[in-house]
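One structure is given below, encoded as structure tokens.
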Amino acid sequence: QLQLNHPREAATTLLPVKTGGTNDPELLTLIGVASARSGDLPTANQYLKLAAQQQPQNMAVRTELGRTEIALGNNKAAIADFEEVAKASPDAVAPEVALFLAYIKTGEQDKALEIANQIVAERPDAATGYLLVSAIDLMQGRAEEGRKALLKATEVHPGDVNASRNLA
């Protein structure tokens with residue numbers, strides 16, 4: 001049901017397990033994900049925290065928990081989760097982008113810029129880091145620097161939709 005993008009139905013299917021209680025981390029994760037995708041963020045947070053306690057090294061659960069924390073406005077908790085995921089997955093960009101967005105949400109643009117620059121340094125042939133750098137530049141009123149970063153993104157990835165749209 002989750003794979004078919006029917007989170008409410010998945011949450012209903014899992015209701016007997018939810019009300020009966022479980023300690024199975026995979027079931028806890030399913031309940032949390034179904035709840036999050038159906039809009040029940042407090043329940044999602046509760047079950048994802050339980051799953052993360054039982055599987056602290058499960059970075060997929062920590063990522064889902066971080067997303068839920070952000071949606072609930074628990075930005076500092078989300079940052080802690082995303083930092084752990086980024087440390088555990090140094091080759092993955094998605095955790096770093098999630099951490100970047102969490103820093104933006106908390107107004108910590110300097111830390112977000114550090115993440116963006118780190119992505120550029122680690123992946124100079126990818127547009128992602130330059131796009132993130134441009135976002136910070138533009139947010140801070142540095143239009144020319146933002147434009148240069150966007151042009152660099154189109155240089156390393158010609159036709160990049162996001163860079164082209166932002167340049168326009």
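The values are calculated or read from the model by the stated rules, or taken from the named source; none is laboratory data. Since the model is a prediction, treat every value here as computed from it, not as a measurement. Backbone-built Cβ (ideal geometry, glycine too); neighbour counts: all protein chains shown. Surface areas here come from the heavy atoms of the whole protein model, side chains and all, with no ligands, DNA or RNA. Shrake-Rupley method; radii C 1.70, N 1.55, O 1.52, S 1.80 Å.
Below are the figures for this structure:
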{"read-out": "Leu150 being crowded, with 16+ Cβ neighbours inside 10 Å, under 30 Å from Asn45 (Cβ atoms), modelled with pLDDT of 95 or more and touching a helix residue (DSSP H, G or I) at 6+ places or on another chain (Cβ under 7 Å)", "value": "no"}
{"read-out": "Within segment 131-143, tally of residues that are assigned to a helix (DSSP H, G or I) and more than 18 Å from the chain's Cα centre (by Cα)", "value": "5"}
{"read-out": "Qualifying position, being part of a helix (DSSP H, G or I), within 20 Å of Pro56 (Cα to Cα) and more than 10 Å from the chain's Cα centre (by Cα), among Ala98, Ala77, Ala112", "value": "Ala77"}
{"read-out": "Residue ID - surrounded by the fewest Cβ atoms within 10 Å (Cβ to Cβ), chosen from residues in segment 9-23 that are in a helix (DSSP H, G or I) and either among the hydrophobic types (A, V, I, L, M, F, W, C) or at positive phi (or both)", "value": "Leu15"}
{"read-out": "Residue that is among the hydroxyl-bearing types (Ser, Thr, Tyr) and in contact with a Leu (Cβ under 9 Å, 6 or more places away or on another chain), where the choices are Thr43, Thr13, Thr63, Thr29", "value": "Thr29"}
{"read-out": "Of all residues in segment 24-74 being not charged (D, E, K, R) and not in a helix (DSSP H, G or I), the one that is most open to solvent (accessible area, probe 1.4 Å)", "value": "Gln57"}
{"read-out": "Close pairs (9 angstrom Cβ cut-off, 6 or more residues apart or separate chains): under 20 Å from Val93 (Cα atoms) in segment 50-61, of a type in the set (Asp, Glu) and open to solvent by 60 Å² or more (accessible area, probe 1.4 Å) anywhere", "value": "Met59/Glu84"}
